[in-house]
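Peer 1: One structure is given below, represented as structure tokens, and several questions about it will come after.
The values are calculated or read from the model by the stated rules, or taken from the named source; none is laboratory data. This structure is a prediction, so every number in the text was calculated from the model and none was measured. Every residue, glycine among them, receives a Cβ derived from its backbone with ideal geometry; neighbour counts consider all protein chains shown. Please note that ligands, DNA and RNA were not included when accessible areas were found on the heavy atoms of the full protein model with its side chains. Shrake-Rupley method; radii C 1.70, N 1.55, O 1.52, S 1.80 Å.
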Amino acid sequence: MRTLRDSFCALLVLLIAAAPFALSQTSSLHGIDPADLDRKAEPCDDFFQFSNGTWRTNNPIPASMDRWSKRWQAGEVAKDKLRDIVEAASADKNASPGSTEQIIGDYYGACMDESRVNARGMDPVKKWFAKIDAAGDSAALQQVMADMHDILVPVPFDFGGRQDPHKPSWVLADLGAGGLGLPDRDYYLKPEARFKGAREKYVEHVTAMFKLAGWDQKSAAGAAQTIMATETKLAEASLDNVALRDPAATDHNTTFAQLQVLAPHVDWIAYFKHEQIPTDVDLNVDQPRFMQEVDRQMQQAPLADWKVYLKWHLLNSVASSLSAPFVEEDFAFNGKYLSGTTELKPRWKRCVESTDRLFGEALGKKYAEKYFPPEAKARMQEMVRNLLAAMRDDILSRPWMSDDTKEKAMAKIATFNPKIGYPDKWKDYSHVEIRRDAFFEDMIAGRKFVEQDNRATIGKTVDRGRWGMTPPTSNAYYNPLLNEIVFPAGILQPPAFDMNAVDAVNYGAIGVVIGHEISHGFDDEGAQYDYLGRLRNWWTDADLKDFQARAACVVDQFDHYYIEKDIHHTGKLVLGESIGDLAGARIAYLAYHKSLEGKPRPADLDGFTPEQQFFIAWGQFRGDETRPETQRLMVQGDPHPVAKYRVIGPLSNLPEFQKAWSCKADAPMVRPESKRCDVW
Ligand SMILES: [Zn+2]
């Protein structure tokens, strides 16, 4: 279950395939989309509105989406390509067992067999419920918990591989906190109406799910209360989202003997045996206090309460793979209530997404073969080189940083490892048994593969070739322990990356994305890791103090960004991403200007200078409309700010923006000198 957690920083971008764009300009290349601008808005007043306001007005968020922009639209359209791949595989009657075609074809085919899935109702879950019921004591129950960990149900903790932050070439065993059904601890503990409302809805939702599973109203409602009480105690012992951004907060090397003392009522010998991990393994416990609470409940809570808790988390975890009533109730809470979407995505799309989640490198291999030309990789490598050079120049130009710290920063720039497109070595799914007539079992087999694939890394040297995202994924990330920036094939598509657009537009979109990921190596979190990925300070005291004061400016800036009355961003939660956006925009701008050296100045297009085109490209790429419910979720738990502030926030700090648009010093898009943030 660690595949997601390994993605240290994700900058959401899109899906689809690509072709190279030309650095040399010709008049046939297009600029930004002038029709998407809101010309009634002033660029110096509200650049988010000016750059993409008309597009948002003309393109309301579809019922099944929680946010929408041209890049999200492109991401959804790209799923048609994935559909073509899985449908072709599905129709291939000669695919040999274990082949890529057979695995993704039969998985998708079984998923699409909705009448069979509906006819089975909750039958597939009954076997698991019986197993839980059969546990006669705590030891037996713990074995069921271990079985659930094998299928990615983290009750109440999870277990997997994690790079040792002090020796990143080595993979530790790691015990993490899990076990909550609401998005995070604050939902259980905070008094605000939105959290209180969510708790009430959650209890109703758990009750409804148990009723669908055949329980009467009274037992279902009682079970929901038990779950709320159990999870509230676990939440009290959990770290919040801000604390979780601090690498030291989850860094607790622990021996097996210490683990036995920390949580004596868990039979760790049996657990490790079950997971086939030797007890002398190097081990980390993310949240010791959480494990103590697990232990307390293991000792004190009645076995019957634990059984209810396990049944709920099983049901919750697999609901979207069961019959229609479960899918709909799951969507009513997680989709409609929490995110604000009003309609489920069509089944084919959910099945494509599920195939990508579990067999992403099988689907991704086909995708990359078809849609990712080598020229795109070459172009991307060149862009990354240019952006790294701009970052290097920028750091060297900083008067506040000593030569000593600069030298260490240069070492880190030198070891940056860009991964582009898809892995060199693909995961081998050939031994996974997938049947056309057994969707639930297929889904379980896929989850077991994911878990075993992760578990197999424990106690070994890290495999630098592994990817934390699948090739078609609409995302990019930085991993500080490997000092790597990763851009799946899916990123290299318009409107991020467009072979038919002028450089100003590409630098303003994909260029800022690349700059953002590079900057994560030097944000408040990434800067704590050295050139070898070790969690080790490489700054002089004075430089670190200066850097932290600069970061504090960004914290203060985002603390003042509201999504609605009384709800604002938490600067410390979004600090890393906001440093990434600020520095990303800046170094992409510098790289763009550097690319123009020795060439004739590009022409104005659509009445905009090249510099203005650059900034509009960022505003249009990043121009999401986001549902209010999703904004609330983001403000609470997402380290990324909402799109509006990812445009306004960084640009209002940049003198280059002010100059490009000739904004007055007191314009809303120009932060006053005393409040202007400048990190990189
Ligand atoms: Zn990021």
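Peer 1: At 7 Å along Cα-to-Cβ for each site, give me the label-to-label distance between Thr342 and Ala243 in nm.
Peer 2: 4.0
Peer 1: Grab the other residues whose beta carbon is less than 15 angstrom from that of Trp306, score K and R as +1, D and E as -1, and report the net.
Peer 2: -3
Peer 1: I've got another one for you. Report, in whole Å, the centroid distance computed from the Cα atoms of segment 339-398 and segment 589-657.
Peer 2: About 19 Å separates the Cα centre of segment 339-398 from the one of segment 589-657.
Peer 1: Go through Ala198, Gly176, Tyr187 and say which Cα lies farthest out towards the positive end of the charge dipole of segment 174-242; charges sit on Cβ, +1 for Lys and Arg, -1 for Asp and Glu.
Peer 2: With unit charges placed on the Cβ atoms, the residue in question is Ala198.
Peer 1: Sort Tyr531, Tyr271 by heavy-atom solvent-accessible area, probe 1.4 angstrom, most to least.
Peer 2: My answer, sorted largest first, is Tyr531, Tyr271.
Peer 1: Taking the Cα centre of segment 79-212 as origin, work out the dipole magnitude from +1 charges on Lys and Arg Cβ and -1 charges on Asp and Glu Cβ, in debye rounded to 20.
Peer 2: For segment 79-212, the charge dipole is close to 400 debye.
Peer 1: Continuing with this model, one more query. Straight-line reach from Lys366: which lysines have Cα under 16 Å away, leaving out those fewer than 8 places along the same chain?
Peer 2: Lys79, Lys81, Lys425, Lys427
Peer 1: What FRET efficiency comes out for the pair Asp604/Lys218, r = Cβ-Cβ distance, R0 = 56 Å, nearest 0.05?
Peer 2: So the FRET efficiency works out to roughly 0.20.
Peer 1: At a Förster distance of 41 Å, what's the computed FRET efficiency of Glu204 paired with Gln381, Cβ-Cβ distance as r, to 0.05?
Peer 2: 0.20
Peer 1: Per residue, how much accessible area does the chain have with a 1.4 Å probe, in Å²?
Peer 2: In whole numbers, the chain has 39 Å² accessible per residue.
Peer 1: Binning at 10 Å from 0, report for the chain what percent of all alpha-carbon pair distances ends up in each bin.
Peer 2: The calculated distribution, bin by bin, is 3, 14, 25, 27, 20, 9, 2, 0.
Peer 1: On a 1.4 Å probe surface of the protein chains, which of Glu114, Glu673, Glu517, Glu353 comes out largest in accessible area, and what is the full order?
Peer 2: The most accessible residue leads, giving Glu673, Glu114, Glu353, Glu517.
Peer 1: Before anything else, pin down the relative contact order of segment 233-289: Cα pairs under 8 Å, at least 6 apart, normalised by residue count, whole percent.
Peer 2: Relative contact order, segment 233-289: 50 percent.
Peer 1: What percentage of the solvent-accessible surface of segment 124-267, computed with a 1.4 Å probe over protein heavy atoms, is contributed by carbon and sulfur atoms?
Peer 2: 56
Peer 1: Here's something else I'd like to know. Once both labels are modelled 7 Å past Cα along the beta-carbon direction, what's the Lys131-Ser115 spacing in nm?
Peer 2: 3.1
Peer 1: Aspartates and glutamates within cross-link reach of Lys594: Cα-Cα under 17 Å, excluding same-chain residues under 8 positions apart?
Peer 2: By straight Cα distance, Lys594 reaches Glu382, Asp393, Asp394, Asp503, Glu611, Glu656.
Peer 1: Rounding to the nearest 20 debye, state how big the charge dipole of the chain is about its Cα centre with +1 on each Lys and Arg Cβ and -1 on each Asp and Glu Cβ.
Peer 2: Here the chain has a charge dipole of around 520 debye.
Peer 1: Multiply the residue gap between His265 and Ala229 by 0.36 nm, knock off their C-alpha separation, and tell me the result in nm, one decimal place.
Peer 2: Stretched out fully, the His265 to Ala229 stretch lengthens by 10.9 nm.
Peer 1: With a cap of 12 neighbouring Cβ atoms within 10 Å, and only residues DSSP puts in a loop, list the trypsin sites (Lys or Arg not before Pro) found in segment 598-680.
Peer 2: Those that pass, being in a loop and sparsely packed, are Lys664.
Peer 1: Then there's this: Please give the Cα centre distance for segment 281-318 versus segment 444-485, rounded to the nearest Å.
Peer 2: Segment 281-318 and segment 444-485 have Cα centres spaced 25 Å from each other.
Peer 1: Ignoring ligands, DNA and RNA, what percent of the accessible area of segment 570-661 is carbon or sulfur (1.4 Å)?
Peer 2: Taking all protein chains in place, segment 570-661 shows 53 percent carbon and sulfur surface.
Peer 1: In what order, largest first, do Val242, Val513 sit by accessible area if the probe radius is 1.4 Å?
Peer 2: Largest to smallest exposure gives the sequence Val242, Val513.
Peer 1: Let me ask you something else. Once you have the Cα-Cα distance between Glu564 and Asp424, take 0.36 nm times their residue separation minus that, and quote the gain in nm to one decimal.
Peer 2: Extra length from Glu564 to Asp424 when fully extended: 45.8 nm.
Peer 1: When a/c reaches 1.5 or more, the comparison of a/b and b/c decides; with that in mind, is segment 333-406 rounded, prolate or oblate per its Cα gyration tensor?
Peer 2: Because a/c hits 1.5 or more and a/b fails to exceed b/c, segment 333-406 counts as oblate.
Peer 1: A further question follows. For segment 541-615, which trypsin sites (Lys or Arg not before Pro) pass both filters: DSSP loop (anything but H, G, I, E, B) and at most 12 other C-beta atoms within 10 Å?
Peer 2: Lys565
Peer 1: I need the Kirkwood Rh of segment 601-680: take the reciprocal of the average 1/r across all distinct C-alpha pairs and report it in angstrom.
Peer 2: Radius from the Kirkwood sum: 14.3 Å.
Peer 1: Sequence-distant or interchain residues sharing an amide H contact under 5 Å with Met499, placed H: which?
Peer 2: HN-HN under 5 Å from Met499: Ala19.
Peer 1: Can you list the lysines whose alpha carbon sits under 30 Å from that of Lys131, skipping same-chain ones fewer than 8 residues off?
Peer 2: Lys201, Lys211, Lys218, Lys233, Lys273, Lys307, Lys311, Lys448
Peer 1: Starting from the Cα of Gln276, step 7 Å toward the Cβ, then list every residue of segment 147-185 with an amide N under 17 Å from that point.
Peer 2: 147-152, 159-161, 173
Peer 1: Please compute the Kirkwood hydrodynamic radius of segment 384-446 from all pairs of different C-alpha atoms, in Å with one decimal.
Peer 2: 16.1
Peer 1: Which log10 I(q)/I(0) values, to two decimals, does segment 523-675 give at q = 0.10, 0.12, 0.16, 0.19 Å⁻¹ under the Debye formula with one point per Cα?
Peer 2: The computed values of log10 I(q)/I(0) come out as -0.43, -0.62, -1.02, -1.25.
Peer 1: What whole-number distance in Å separates the alpha-carbon centres of segment 195-235 and segment 44-77?
Peer 2: Going from one Cα centre to the other spans 36 Å.
Peer 1: Let me ask something additional. What's the extension gain from Ala193 to Thr57 if we count 0.36 nm per residue and subtract their Cα-Cα distance?
Peer 2: Working it through step by step, the gained length comes to 45.9 nm.
Peer 1: Alpha carbons only, please: Rg and Dmax for segment 262-365, in angstrom.
Peer 2: Rg and Dmax of segment 262-365, Cα atoms, are 19.1, 50 Å.
Peer 1: Considering only the other residues whose Cβ falls under 10 Å of the Cβ of Val574, what net charge follows from Lys and Arg at +1 and Asp and Glu at -1?
Peer 2: Surrounding charge for Val574 is -1.
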